[in-house]
Each structure stands twice: as structure tokens, then as C-alpha cells.
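Structure first, then comments.
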Amino acid sequence: MPYFLFFYSFLFSIVVLSFSQSVHSKDQRILSILLLSFLLLTFCFSYQHGVDWLAYYKDYYGIESYQFEIGYKFISSTFKNIGVNFWVMSAGIKFFLIFSLYLMLKKFQVPYIPVVLVFFIIINYHLTSNVLRQDVALAFVFIGFLFIAERIKYTICFILFASLFHISAVTVLLSLIVYKFNAVRKFAIFFIPILLTMALLKVSIFGWVLEFIKSINIYPFMISKLIAYFSQDALPISFGMIIRLFLFFISSVFFYKLGFGKTSDIKSSSRVLIVFTYSLMLTSILIELVFFQTRTVVVRLNLYYSVFFIILPMHLLFYFNTVKIMMVKIFFVTYMMLSAFSLSQKPFFYDFYINYNNYLYFNLKPDFYEESDKAIKVNKFWDSYVPP
């Protein structure tokens, strides 16, 4: 626990310092470099965190074989063949993700980049610290977004390439349809209250679709995973979902009030980035309402969209007065603190995260993993796993 007190204290110090500086101050760049360096040493080199690392480790060293996507299999075997330690590869993947996010934020000209980076880490720490395939996929998706204003074909290519590392990346293509067609955005917004009502009544569209897919037996491996994740008793609305709905509602009001939704002409760079960011938020809400009975799927898909729920409000700060800007800053600091506290209270956090180890100082042994207490806990977790 002392490590996480230090970790979160440092991150929130960065947030406060970033918010206290001018948007265009050179100090923002210095804080970004300081934050990236800190995350490289701590977050990226975290050792045996979470419940997914053991499968990746076993697959890497040939202890067991898993049905991972061909892209991940390729980079995994490549690093192994040139003699790279698994944990070095893991750290490289995580830093690749963080740095690609940083590049995207610069391209999108997002104010307070250090704050957005901290937001992403805090909201997604329990996943991005050990879901390596999706980390790679997410990094390539972010790189693809760099071309959204000039070469959307490149964006599509990067998203498809990302799906070679985690098939879930394909769903991001839906956001491009929402982005390109104003009529689709309007229809989707109109459909949200209907989906929300159905979710509150526990009427599952996804349940119907799953039954149809089962009947035609396409991609049986994926079907079996979706069936395992599906739960009739899943709560339709979570705390995180309430916050995302609130942010989406507020963003929608300003999005249309400021004229971004009144025309399909989105040629200017600034308009492209705002409309695209809004489209990603909209897509995220739709996915969450449709897949609410598969919380694991929702959590994984939210990785592609969660950061945009702070990016758009940061963009809209330029249209706010001083009081509104201060309210937005207080809201996000409070939200990040509550998220960090909420994560620390979850039982799996104590079992799989609280005892922090770092590859840079840990004394490794070739056969340590199978014998370690954390490895034993991870095996027991998966043996008794029941989807949320």
C-alpha cells in the first residue's frame, strides 16, 4: 500500500501542477516528460500485476500455448527469439501504449496533456498494466487516429492492423461511421434514451444477437467466450456509466450549442478533432448500453474510448468562462480521486496489485513464476472465475 500512496500522490501532484500552469506553457511539456519518465520506471516495469500476466508469460516461454491473435504471437516470438526477457517486452509494450497516447494528444492539441495521461492511467490501471495484446492494439488505434483529419484511410488501416493483436479493435470502426455521417450521429443520439430504458428494464439486445450467432455457429471460440461473459443478473448501470452519461450529456449540450453538430462540413482541423472525439464518446455509450450484460466485454471495449471522455471537455474549456473552467477542473480531480479510491477498495486489488514489485530491482529466477505466491493466486483465480 505505501507504493500506491506514493504512486497516486505523484500523479495527483502532476495534475495540480498542470492545471495551475497556462495551457501553452513550456511547463506543460516538462511535466509531460517527467510523467512519462515516472510511468516508464513504475507502471511499465510493474512485475506480476493483475491476473493476465501468467498466461502471457507461459505462452512466451512455451510452458503452455494460448489462442492469441497472430499479431501478438509474431511480436512475442520475435522478442523471445532475440533473447529479450518477457518483462522487458512487457514494459516496452506498455510504454509504446503511453507514448502513442501522448502523440495523439499532441496531434489533437489537447490542453493539459499531463492531466489526460494521468486520467487514462488511473481509470484503466487494472487493465493496461497486464493486458498486453490489447495494449498493443490500443497503441496502434491511437496512432491511426493521428491521420483522422487528413488520411482517414490510414486510420482504417491502422485499426484493422490493431485487430491482429486484439480482435476487439475492429469495433472502433463503428466510431468512424458515426463520425463520417451526421445523420448517423443524430439517429444514435435519438436511440440512446431507448437503449437506456431497455437496459434499466434488463431487456438485452445483445442476448438476442448472441442467440442468433449461436444458431449459425460462426467463430465458435469467440462465441464460447461471449457466452462465458454473459450474465442475466448484471447491473445495467454502474457508477462509471453514470459519470460517462453525465459527461456525454454535458458535452452534447455544448457540442450542439457551439454549432459543431449543425453541419456535416467538418473540413477544418479543429472541427474534425472535436467532431471525431464526440463521435467516439457517442460510440462508447452505445456499446455500453448494448453490451451491459457482458461487463467484461464492456470494460475491455471502454479502453478504446475512456480517455475521450476527458479530451472533449478539455477542448471545450476554451469556450468556458473562468468559473466554468474551475468547475471542470475540480470535477475531474474529484472523479480521478474517487476512481483511484474505488479501485483500491476492490478485493482483487488487494490480491493482485497491492504487493507491488518492479522488474528493475526484483531478483528474478528462471523457475520463479510457477512457484510464486502470485502465480498460485492467479491460477486459483482463473480456476474459480465467474464473469461479473
Quick check on my filter: what residues within segment 8-26 are touching a Leu at 6+ places or on another chain (Cβ under 9 Å) and in contact (Cβ under 8 Å) with a residue 12 or more places away in the chain?
F10, L11, I14, L17, S18, V23
Quick one: which of S37, S32 is at pLDDT 90 or above, on the phi < 0 side of the Ramachandran plot and more than 20 Å from the chain's Cα centre (by Cα)?
S37
Here is a check on your reading of the model: is V84 out of contact with any His (no Cβ under 9 Å at 6 or more places or on another chain), under 28 Å from K374 (Cα atoms) and modelled with pLDDT of 90 or more?
yes
Test for V84: is it touching a helix residue (DSSP H, G or I) at 6+ places or on another chain (Cβ under 9 Å) and in contact (Cβ under 8 Å) with a residue 12 or more places away in the chain
no
Candidates S100, S76, S46 - the one that is of a type in the set (G, A, S), within 30 Å of V178 (Cα to Cα) and surrounded by 19 or more Cβ atoms within 10 Å (Cβ to Cβ):
S100
Looking at segment 145-163, I want the residues that are of a type outside the set (D, E) and have a partner that is in a loop (DSSP other than H, G, I, E, B) with Cβ atoms under 7 Å, at least 6 apart or on another chain. Which pairs are those?
Y154/F147; T155/F147; T155/I148
Among the numbered conditions (1) part of a helix (DSSP H, G or I); (2) open to solvent by less than 90 Å² (accessible area, probe 1.4 Å); (3) modelled with pLDDT of 75 or more, tell me where M326 comes up short.
(2)
Name the pairs: first residue in segment 27-46 and in a helix (DSSP H, G or I), second residue buried (at least 20 other Cβ atoms within 10 Å of the Cβ) and not aliphatic (A, V, I, L, M), Cβ to Cβ under 6 Å, at least 6 apart or on different chains?
L31/S18; L31/P114; S32/P114; L35/P114; C44/K94
Considering segment 103-118 alone, what residues qualify as being open to solvent by less than 10 Å² (accessible area, probe 1.4 Å) and aromatic (F, W, Y)?
F108
Mind checking which residues of segment 47-77 are β-branched (V, I, T) and in a loop (DSSP other than H, G, I, E, B)?
V51, I63
If we keep only residues of segment 282-306 that are hydroxyl-bearing (S, T, Y) and open to solvent by less than 10 Å² (accessible area, probe 1.4 Å), then the residue modelled with the lowest pLDDT is T294
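The values are calculated or read from the model by the stated rules, or taken from the named source; none is laboratory data. Computed from a prediction, not measured in an experiment: that's the story for all the values here. So basically every Cβ, Gly included, is an ideal-geometry build from the backbone, and we count neighbours across all protein chains shown. Please note that ligands, DNA and RNA were not included when accessible areas were found on the heavy atoms of the full protein model with its side chains. Shrake-Rupley method; radii C 1.70, N 1.55, O 1.52, S 1.80 Å.
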